[in-house]
Amino acid sequence: MLKTPLFNEHQKLKAKISEFAGYQMPIFYTSVKEEYLAVRNNAGIFDISHMCPIFIKSENSKEDIINFLEPVTCRMISSILPNQVQYNALLNENGGIIDDITVFYLAENKYMLIVNASNSSKVMEFLRKEKEKKQCKVEIKKPQEYILLAVQGPDSEKLTIDLLKKEGISLPDIFYYECFENSAANSVEVISRTGYTGEDGFEILLSVEKGLSLWQNALKSGIKPAGLASRDILRMEMFYPLYGHEIDETTSPYEGGIGWLVDEKDMPLAPVLQQRKESSQKVVRGFHMIKDGIPRSGFEVYDENDNLIGQVTSGAFSFLTNKGFGMASIKKTHAKTGSRIFINTRQGKKEASVLIKSSHKGSIKRRK
Amino acid sequence: MAEVKEELKYTKDHEWILQTDNLVKIGISDYAQENLGDIVFVEMPEVGDEISQGDSVATIESVKAVSDVYAPVSGKVIEVNDEIANSPEIINKEPYEGGWICVIDTQNSSAPQELMNSKQYEEYLQTLE
């Protein structure tokens with residue numbers, strides 16, 4: 001089993017450790033609810049070093065990189081501005097999702113992808129084969145050692161600036177989905193204002209030495225260490241998909257509920273995706289329980305006439321509403337906000353209401 | 001380290017049992033509540049339910065997981081802990097006191113089979129670490 005460089009720190013904190021994507025990861029430290037509330041109301045810090053950065057460089061021009069990535073993604077790489085981050089999906093030739101990724105435009109001729117832990121080997125192999133097949137002049141590289149941290153919550157900005165200062169990094173003004181690479185550093189140093197929680201926050205890629213120091217300073221400054229269980233609830237409340245639950249290689253972005261990513265006119269895979277859009281029967285949607293019942297992944301979903309119309313892909317109990325909620329892959333006929341569906345919970349069929357967009361506003365800071 | 005109470009008996013599924021003559025009070029152990037995390041809902045049995053050993057007598061839903069409580073004995077449910085319905089987190093706070101789940105009348109006073117005493121349970125927990 002794999003461990004992140006912070007494994008000993010998690011053990012010191014007596015975290016409940018469990019396997020996730022081949023890694024021994026902290027599920028929670030003291031209480032899922034406390035860690036969740038810290039992120040929604042103040043700030044929490046997550047070790048996300050199981051996720052994998054992949055650098056893509058070219059000696060000639062950024063066109064080499066764009067021409068390499070655009071045929072296997074659904075959103076235009078050429079539209080990313082310098083120091084911007086883009087959420088995108090890596091697709092196979094049938095338009096199925098190999099992984100959902102973030103693409104960083106770090107510098108002229110230099111991009112970075114962050115891919116899911118569970119998919120990192122698969123993605124590396126896919127990219128290498130793609131490069132070979134198309135004779136692309138790009139260099140694909142995974143850093144040997146690194147720590148990736150996420151500081152999340154409405155108080156993140158000031159705390160993160162102070163923490164970075166202690167590591168000798170002065171953070172320029174960046175907003176939601178923007179990034180900064182400290183190119184003067186000897187090892188990887190990339191900071192982005194991104195996250196998976198719906199709150200303001202930063203994801204910080206550093207050397208092991210600096211990452212460990214930042215983690216320890218974060219705890220000293222009162223930022224709560226938060227585990228994967230709270231992270232899962234935070235992302236679910238925003239209806240963000242998780243690979244292996246809402247999306248996988250059999251789902252297109254449309255079926256996975258992230259059809260808004262697709263640049264329909266310009267992408268090489270657009271015709272394939274258009275076909276899948278027309279033929280697809282189901283789509284992933286968020287939902288809230290009307291009264292009681294806690295949905296869990298795999299539970300069946302019915303319509304008002306007791307016809308099976310889908311399956312829950314993620315489910316939990318929301319601390320925002322104190323009710324069950326989740327996401328489900330359901331027939332398009334019931335995909336509108338306000339559609340009534342019934343979840344077959346352990347306590348029987350319980351009524352729920354479909355919601356396309358999360359009702360939680362969050363503290364994200366966009367550039368105006 | 002999870003707390004283990006000396007006066008109780010335990011199952012491998014982490015239920016605890018307090019037997020007084022033919023009455024058996026049950027709950028889940030400190031280890032169980034720790035591993036479940038924040039408990040948000042408990043489906044309780046009803047007074048009068050006839051239960052066979054090994055049946056699911058209650059369902060505990062934490063934020064992330066769901067877990068059955070299995071009846072360590074057969075008998076009739078004669079009392080349930082109504083406080084849990086309103087504040088299920090009481091199981092997290094006091095698994096051995098306020099967090100008891102129900103009382104089963106076994107209709108005989110012989111000790112249930114295959115239960116661990118506190119020392120055996122502590123040893124069992126160490127094998128799980």
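The values are calculated or read from the model by the stated rules, or taken from the named source; none is laboratory data. Computed from a predicted model, the values in this text were never measured in an experiment. Don't worry about glycine lacking a Cβ; one is built from the backbone with ideal geometry, like all the others, and counts go over all protein chains shown. The accessibility values were calculated without ligands, DNA or RNA, using every heavy atom of the protein model including side chains. Shrake-Rupley method; radii C 1.70, N 1.55, O 1.52, S 1.80 Å.
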| said: Report every pair of residues separated by at least 6 positions or lying on different chains whose Cβ atoms are under 7 Å apart, first residue within the range A:222-250 and within 12 Å of A:Thr197 (Cβ to Cβ), second surrounded by fewer than 19 Cβ atoms within 10 Å (Cβ to Cβ) and of a type outside the set (A, V, I, L, M, F, W, C). | reply: A:Glu237/A:Ser358; A:Glu237/A:His360; A:Met238/A:Ser358; A:Met238/A:His360
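Determine which member of the set A:Glu93, A:Glu63, A:Glu19, A:Glu9 is surrounded by fewer than 22 Cβ atoms within 10 Å (Cβ to Cβ), in contact with a Ser or Thr (Cβ under 9 Å, 6 or more places away or on another chain) and of a type outside the set (Phe, Trp, Tyr).
Details: A:Glu93 fails: in contact with a Ser or Thr (Cβ under 9 Å, 6 or more places away or on another chain); A:Glu19 fails: in contact with a Ser or Thr (Cβ under 9 Å, 6 or more places away or on another chain); A:Glu9 fails: in contact with a Ser or Thr (Cβ under 9 Å, 6 or more places away or on another chain).
Only one candidate qualifies: A:Glu63.
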| Residue that is nearest to the chain's Cα centre (by Cα) [pool: residues in the range B:1-45 that are within 14 Å of chain A (Cβ to nearest Cβ) and small (Gly, Ala, Ser)] | B:Ala32
| task | Give me a count of the residues in the range A:10-36 that are in a helix (DSSP H, G or I) and of a type outside the set (Val, Ile, Thr). | result | 7
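Among the strands (runs of 3 or more DSSP E) lying completely within the range B:1-111, list those that include at least 3 residues that are among the hydrophobic types (A, V, I, L, M, F, W, C), in contact with a Phe, Trp or Tyr (Cβ under 6 Å, 6 or more places away or on another chain) and closer than 26 Å to A:Ile294 by Cα. Show your work before the answer.
Working: elements: B:15-20, B:23-28, B:39-43, B:56-62, B:66-70, B:75-80, B:102-105.
In the range B:1-111, there are no strands (runs of 3 or more DSSP E) which contain 3 or more residues that are among the hydrophobic types (A, V, I, L, M, F, W, C), in contact with a Phe, Trp or Tyr (Cβ under 6 Å, 6 or more places away or on another chain) and closer than 26 Å to A:Ile294 by Cα.
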| message | Take the residues in the range A:331-346 that are in a loop (DSSP other than H, G, I, E, B) and surrounded by 14 or more Cβ atoms within 10 Å (Cβ to Cβ); name whichever of them is farthest from the other protein chains (Cβ to nearest Cβ). | response | A:Ala335
| request: Please specify each residue of the range A:203-232 satisfying the condition of being open to solvent by 30 Å² or more (accessible area, probe 1.4 Å) and either among the acidic types (Asp, Glu) or within 14 Å of another protein chain (Cβ to nearest Cβ) (or both). | output: A:Glu203, A:Glu209
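Given A:Lys137, A:Lys158, A:Lys210, which one is part of a loop (DSSP other than H, G, I, E, B) and basic (Lys, Arg)? So that I can check it myself, show each step before the final result.
Working: A:Lys158 fails: part of a loop (DSSP other than H, G, I, E, B); A:Lys210 fails: part of a loop (DSSP other than H, G, I, E, B).
Being part of a loop (DSSP other than H, G, I, E, B) and basic (Lys, Arg) holds for just one of A:Lys137, A:Lys158, A:Lys210, which is A:Lys137.
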| message | Any residue that is within 14 Å of chain B (Cβ to nearest Cβ), in a strand (DSSP E or B) and either open to solvent by less than 30 Å² (accessible area, probe 1.4 Å) or modelled with pLDDT of 95 or more (or both) - is there at least one of those in the range A:37-58? | response | no
| request: For the range A:26-36, enumerate the residues that are within 10 Å of chain B (Cβ to nearest Cβ), open to solvent by 10 Å² or more (accessible area, probe 1.4 Å) and touching a residue at least 24 places away in the same chain (Cβ under 8 Å). | output: A:Ile27, A:Phe28, A:Lys33, A:Glu34
| task | Please find, among A:Gly326, A:Gly298, the residue that is under 30 Å from A:Leu37 (Cα atoms), without any contact (Cβ under 8 Å) to a residue 40 or more places away in the chain and under 22 Å from the mean Cα position of the chain (by Cα). | result | A:Gly298
| task | Identify all residues within the range B:46-87 that are surrounded by fewer than 20 Cβ atoms within 10 Å (Cβ to Cβ), within 14 Å of another protein chain (Cβ to nearest Cβ) and either closer than 29 Å to B:Gln126 by Cβ or touching a residue at least 12 places away in the same chain (Cβ under 8 Å) (or both); write none if there are none. | result | B:Glu46, B:Ser56, B:Thr59, B:Ala65, B:Val66, B:Ser67, B:Asp68, B:Ala85
